[in-house]
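The values are calculated or read from the model by the stated rules, or taken from the named source; none is laboratory data. Not measured: the values here are computed from a predicted model. Here the Cβ is made from the backbone with ideal geometry for all residues, glycine too, and neighbour counts use every protein chain on show. These accessible areas exclude ligands, DNA and RNA; they are computed on the full protein's heavy atoms, side chains included. Shrake-Rupley method; radii C 1.70, N 1.55, O 1.52, S 1.80 Å.
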Amino acid sequence: MQARVKWVEGLSFIGESASGHQVLMDGNAGDKAPSPMEMVLMATGSCSAIDVVSILQKGRHDVTDCEVKLTSQRREEAPRLFTHINLHFIVTGHNLADTAVERAVSLSAEKYCSVALMLGKGVDVTHSVEVISL
């Protein structure tokens with residue numbers, strides 16, 4: 001995997017993936033765009049959400065929505081590393097069982113989400129689940 005980051009102005013940078021997608025990032029406390037640490041947090045949530053939706057769909061569960069609310073804590077001193085991240089999943093679907101969603105979240109956390117697993121080597125990553133069955 002490859003990517004490129006190019007300076008725009010001030011502390012703003014454009015990141016470009018090998019697939020050609022671009023994203024603006026801002027090192028000035030997220031003034032113009034997400035900061036790199038916000039991008040890491042969002043990458044963690046999206047990586048795990050992709051797993052959860054995919055696992056539930058493969059299990060033929062009728063998922064209609066999936067949202068991940070992320071909260072984090074960082075060190076006060078530099079480097080301002082994450083010390084804790086919680087991923088709170090809100091998954092909605094028709095006749096959706098709590099056990100199916102909890103299993104999908106566990107599989108993502110323990111086996112599939114490469115971003116969370118990578119961070120989990122130095123960060124306390126926790127998960128919580130809320131199921132809305134229609």
Unmet requirement for Ile132, which otherwise passes all of (1) of a type outside the set (Gly, Ala, Ser); (2) within 25 Å of Met25 (Cβ to Cβ); (3) open to solvent by 40 Å² or more (accessible area, probe 1.4 Å): (2)
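Residues are listed down the side, and each one gets a yes or a no for (1) open to solvent by less than 30 Å² (accessible area, probe 1.4 Å); (2) under 27 Å from Pro36 (Cα atoms):
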position: Val52; (1), (2): yes, yes
position: Lys58; (1), (2): no, no
position: Leu70; (1), (2): no, yes
position: His84; (1), (2): no, yes
position: Thr92; (1), (2): yes, no
position: Glu102; (1), (2): no, no
position: Ser108; (1), (2): yes, yes
position: Ala116; (1), (2): yes, yes
position: Thr126; (1), (2): no, yes
Filter region 15-29 for residues that are in contact with a strand residue (DSSP E or B) (Cβ under 6 Å, 6 or more places away or on another chain) and open to solvent by less than 50 Å² (accessible area, probe 1.4 Å) and give the result. Gly15, Ser17, Met25, Asp26
In the set Ile85, Ile14, which member is β-branched (Val, Ile, Thr), farther than 17 Å from Ile132 by Cα, in contact with a Lys or Arg (Cβ under 6 Å, 6 or more places away or on another chain) and without any contact (Cβ under 8 Å) to a residue 60 or more places away in the chain? Ile14
Got at least one residue in region 30-47 being among the polar types (S, T, N, Q) and surrounded by 15 or more Cβ atoms within 10 Å (Cβ to Cβ)? yes
Under 7 Å by Cβ, and 6 or more places apart or on different chains, what pairs join a residue from region 54-77 that is under 18 Å from Gly120 (Cα atoms) with one that is part of a loop (DSSP other than H, G, I, E, B)? Arg74/Arg80; Arg74/Leu81; Arg75/Leu81
If only one of Glu110, Glu102 is under 14 Å from Ser54 (Cα atoms), modelled with pLDDT of 95 or more and either not β-branched (Val, Ile, Thr) or not in a loop (DSSP other than H, G, I, E, B) (or both), which one is it? Glu102
Near pairs, Cβ below 8 angstrom, 6+ apart or cross-chain, from region 20-44 (touching a residue at least 12 places away in the same chain (Cβ under 8 Å) and charged (D, E, K, R)) to any residue that is surrounded by 15 or more Cβ atoms within 10 Å (Cβ to Cβ) and in a strand (DSSP E or B): Asp26/Ser12; Asp26/Phe13; Lys32/Ser12; Lys32/Asp26
